[in-house]
Structures are given as C-alpha cells and as structure tokens.
Amino acid sequence: MSNNIKNFIYNNVLNILLVAAITIIITTQFIFYNAPEWFEGGDRVCNVFYNLSLSYLVSYIFYLVAFLPEKRSKKMIHSYILKHVGIIISSKSNIINDMQQKTGINGQISENHIKELVSAINPHSEAPLVVNTYNDPQTGKLKLIYANWAQYLVYYIDISRNSAKKLYPYLALVDTDLVQIINDVLECSYFYTADQVLRHIDKVSNQDLSTFSNIIYEYVMLVEKLEIKANEIKKIYKIK
C-alpha cells in the first residue's frame, strides 16, 4: 500500500471520528440532555461516550495546533539537511564513478576494489575536473585546463565540508545518530591526510594513491553509512 493511500485512509478516519465525537457531544448535551433513560444505566453510558468524545475533540485540537505544525517544521528542517547530506553522498559517488571510468576497473565496493582503483590512479595525472579555460592563440579554439587527481580529491573534500557547515545551525534539532555520522565523515583520516598531503601534491613524488587505500575505504564506508541513515530519515518524514 502506497504512502498516499495510507495518508488518505488515516486522515479520513481522523475526520470521521471527529464528526462522530461532535455529533455525540451535541446529541448528549443538547438534544437528549433532559430525555428519560431508554434503558437502565443509559445515562452512565451516555456520559462515557460524552467524555470519550470530549477527550478526542481536545486531542484533535492539540493535533491541529501543536503536533501538525511541529511535524511540518521538522520535515522542512530535515529536507534542508538531507539536501546537503546528499551533496556529501554524491561527492563520494562521483569519486568512485570517475575512478572506475578512468581505470576501467569496475565492481562492488570492497576494500580490495578500492585498493585496485587508487593504485591505478596517478595523483599528478589529469582528472575529470575542469578548473580553467583559455583560447589557443594558434587555433583560436577554447581549451580546457583540468585539475590533477590530488586537486580533484581536495575539491570534493571542500564541497563536503562546505555542505556540512550549512548544517551546523540545525544539528541540535535532528537525529543524534545522523549528527555523529556527519562528524565521523568530517573527522576521518582521509580528510586530515588530504589536507597534509594532497593539498601539497607538488612536493610529493608518489605515482599512485595506494598509500591512501585504507583511509579512502574508511571514508567510503562512513559515507555509505550516512546514506543508509539519510534514507531512514526520508522514510520517517516522507521526504522524496
């Protein structure tokens, strides 16, 4: 059963019960207030239905003025947060996809697969990221200047960090597990080592990224954990 059908049924049941509650309150307190009992104990039965109906009416009002606005507010906040979490997730996906396309090494994500990929990538070689353009004076054609793989990886680290910074004002309002995973990604060894090494790649002679294998795999696993948590929150708040 789809969520739309479930919501339709849920809302209609609530409204039907509301109409029933109001009908019972009006009937017992105004129409038949002074009417004689139709059977012994009938007055007590009416009081039970009246009290239940009144309780439901109060609960429904609370649902409208407190619960629904808070639920909508939480959905809006989580939608915004998941938008930027999605950028962090996409950064990881782009890295893996581009490495696979560059090397021709495809397969399921695993520690060995990541090791194969990064071992085939020269950090000084051209990566699929345009950083500038210029006009060739000889041909007059526009030429593209590409980043190397070290710059490419740093680029996506910076994107992830910038997206995370936009979440800081709202993190106290969201799932603590989500906050913890985001922090784990930002504080992972890969990000720290990239700052120390990849940002200064001109001083590094490594011809591949094999020394980064373990920490890149750790990073990938953390982001996949983040993606699982994000999908759970999407289901809770019915976010597409």
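The values are calculated or read from the model by the stated rules, or taken from the named source; none is laboratory data. Not measured: the values here are computed from a predicted model. So basically every Cβ, Gly included, is an ideal-geometry build from the backbone, and we count neighbours across all protein chains shown.
Report, ordered by the first and then the second residue, all pairs with beta carbons closer than 7 Å, sequence separation of six or more or different chains, a first member in the stretch 81-107 that is of a type in the set (Lys, Arg), and a second member that is crowded, with 16+ Cβ neighbours inside 10 Å and outside any helix (DSSP H, G or I).
Lys102/Ile121
For the stretch 176-205, which positions are among the hydroxyl-bearing types (Ser, Thr, Tyr) and either under 29 Å from the mean Cα position of the chain (by Cα) or crowded, with 16+ Cβ neighbours inside 10 Å (or both)?
Hits for the stretch 176-205 are Thr176, Ser189, Tyr190, Tyr192, Thr193.
Are any of the residues in the stretch 158-166 among the hydroxyl-bearing types (Ser, Thr, Tyr), without any contact (Cβ under 8 Å) to a residue 24 or more places away in the chain and under 15 Å from Ile81 (Cα atoms)?
No, the conditions are met nowhere in the stretch 158-166.
Under the condition of being closer than 18 Å to Ile228 by Cβ and among the hydroxyl-bearing types (Ser, Thr, Tyr), which residue from the stretch 89-104 is nearest to the chain's Cα centre (by Cα)?
My answer is Ser90.
One line per residue, one yes/no per condition, for (1) surrounded by 13 or more Cβ atoms within 10 Å (Cβ to Cβ); (2) of a type outside the set (A, V, I, L, M); (3) at pLDDT below 95; (4) under 23 Å from the mean Cα position of the chain (by Cα):
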position: Phe67; (1), (2), (3), (4): no, yes, yes, yes
position: Ile87; (1), (2), (3), (4): yes, no, no, yes
position: Asn106; (1), (2), (3), (4): no, yes, no, no
position: Ser119; (1), (2), (3), (4): yes, yes, no, no
position: Leu129; (1), (2), (3), (4): yes, no, no, no
position: Asn148; (1), (2), (3), (4): yes, yes, no, no
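Taking the condition in contact with a helix residue (DSSP H, G or I) (Cβ under 6 Å, 6 or more places away or on another chain), surrounded by 14 or more Cβ atoms within 10 Å (Cβ to Cβ) and part of a loop (DSSP other than H, G, I, E, B), does Asp208 pass?
It is true that Asp208 is in contact with a helix residue (DSSP H, G or I) (Cβ under 6 Å, 6 or more places away or on another chain), surrounded by 14 or more Cβ atoms within 10 Å (Cβ to Cβ) and part of a loop (DSSP other than H, G, I, E, B).
For the stretch 200-211, indicate whether the set of residues that are in contact with a Ser or Thr (Cβ under 8 Å, 6 or more places away or on another chain), in contact (Cβ under 8 Å) with a residue 60 or more places away in the chain and of a type in the set (Ser, Thr, Tyr) is non-empty.
Yes, the stretch 200-211 contains at least one residue that is in contact with a Ser or Thr (Cβ under 8 Å, 6 or more places away or on another chain), in contact (Cβ under 8 Å) with a residue 60 or more places away in the chain and of a type in the set (Ser, Thr, Tyr).
Which of the residues belonging to the stretch 168-192 are modelled with pLDDT under 95 and touching a Phe, Trp or Tyr at 6+ places or on another chain (Cβ under 8 Å)?
Passing the criteria: only Tyr170.
Within the stretch 97-155, which residues are small (Gly, Ala, Ser), out of contact with any Phe, Trp or Tyr (no Cβ under 9 Å at 6 or more places or on another chain) and over 22 Å from Leu186 (Cα atoms)?
Passing the criteria: Gly104, Gly107, Ser119, Ala120, Gly140.
Do the conditions hold for Tyr146, that is, is it in contact with a strand residue (DSSP E or B) (Cβ under 7 Å, 6 or more places away or on another chain) and either of a type in the set (Ser, Thr, Tyr) or farther than 17 Å from Glu218 by Cβ (or both)?
yes
Within the stretch 111-121, which residues are of a type outside the set (A, V, I, L, M, F, W, C) and either outside any helix (DSSP H, G or I) or touching a residue at least 40 places away in the same chain (Cβ under 8 Å) (or both)?
Passing the criteria: Glu111, Lys115, Ser119.
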